[in-house]
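These notes concern the structure reproduced below.
The values are calculated or read from the model by the stated rules, or taken from the named source; none is laboratory data. Note that the structure is a prediction, hence the values are computed from the model and not measured. FYI the Cβ positions are ideal-geometry reconstructions off the backbone, even for glycines, and counts take in every protein chain you see.
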Amino acid sequence: MELDRYEEREKNKTTLKFRITFFFVFFLVAVFAVFIITSVLQTNTLTRYVCSQLALPTVRKALAEINPDSFERLANSGNPGDGYYIITQQRLYQIKQETNCQYLYTMAPREGTIYQYVIDGSGLPGSEGFSELGAEEDIGLWDKAVLATVETRTGQLGTIDQSEQWGATISAYEPILKKNGELVGFVACDIDATNVVAWVKTQVLWQLSIVLLLVVVGLTVYITLLKKVDQSFA
């Protein structure tokens, strides 16, 4: 009889400890899930705000300067002496200077997955960051929004992109379409996202500190409850 009572007590003790452990693990998962979701939502919201308020108006202003037929001719010929190339490059450079745009440029598809620079308004020819007419890039190196712009033929907002060459940037893209709807390229504007990245990191660190505090509190409560269980079944 005494043995049965002991086994029953140990069973109840184990069950209670299991339940406490289960709720503690659930608490940890919930805390980290909220942390991750909140961080992602904040980053996406801020990114889209910066794109819509800064990059998008600039890229649409630049798009208004592009003649689709002349652009297609220039993309196919690659002639840097083309008057359209010179005038449009200067106009895009002027727009870039008037706005918060870090890089303003147009690109066109070539051979399926390779893209070539057609008009670069990021700087004057020969300056740092200027891409010569016909310079090629692998589409795989670009923001997914580039591919989405080409596939959907609609404007797209990119995500924060970081590279050693260009730094942290946020981009907006608009397709260059002919009257029949044919896509001949796209206009892109890159905004310096250094401050955005710094703000996001600050927010993440602040939220992470709260998470760690909750974990410490939760762990303290968890250990205390386990001790009380041991004492009550002693």
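A few comments on the model shown:
- With respect to the conditions (1) part of a helix (DSSP H, G or I); (2) among the polar types (S, T, N, Q); (3) in the same structural domain as E137 (by TED's automatic domain parsing); (4) in contact with a strand residue (DSSP E or B) (Cβ under 9 Å, 6 or more places away or on another chain), S122 lacks only one, and its number is (1).
- Residue-level check: of (1) closer than 16 Å to L54 by Cα; (2) at pLDDT 80 or above; (3) not in a strand (DSSP E or B), N195 misses just (2).
- Checking K17 against (1) surrounded by 13 or more Cβ atoms within 10 Å (Cβ to Cβ); (2) more than 33 Å from the chain's Cα centre (by Cα); (3) assigned by TED's automatic domain parsing to the domain that holds G134, the condition it does not meet: (3)
- Selection status of R48, surrounded by 14 or more Cβ atoms within 10 Å (Cβ to Cβ) and among the basic types (K, R): yes
- Residues that are surrounded by 15 or more Cβ atoms within 10 Å (Cβ to Cβ), more than 10 Å from V31 (Cβ to Cβ) and not polar (S, T, N, Q) within the stretch 203-231 comprise V204, Y222, L225, L226, V229, listed in sequence order.
- Considering the stretch 51-79, the residues that are surrounded by 14 or more Cβ atoms within 10 Å (Cβ to Cβ) and among the acidic types (D, E) include one that is nearest to D190 (Cα to Cα), namely E65.
- G83, sole failed condition from (1) under 34 Å from the mean Cα position of the chain (by Cα); (2) farther than 29 Å from A193 by Cα; (3) not assigned by TED's automatic domain parsing to the domain that holds Q203: (1)
- Contact annotation: residue pairs with Cβ atoms under 7 Å, 6 or more positions apart or on different chains, pairing a residue in the stretch 93-116 that is part of a loop (DSSP other than H, G, I, E, B) with a partner that is of a type in the set (D, E, K, R), are T113/D138.
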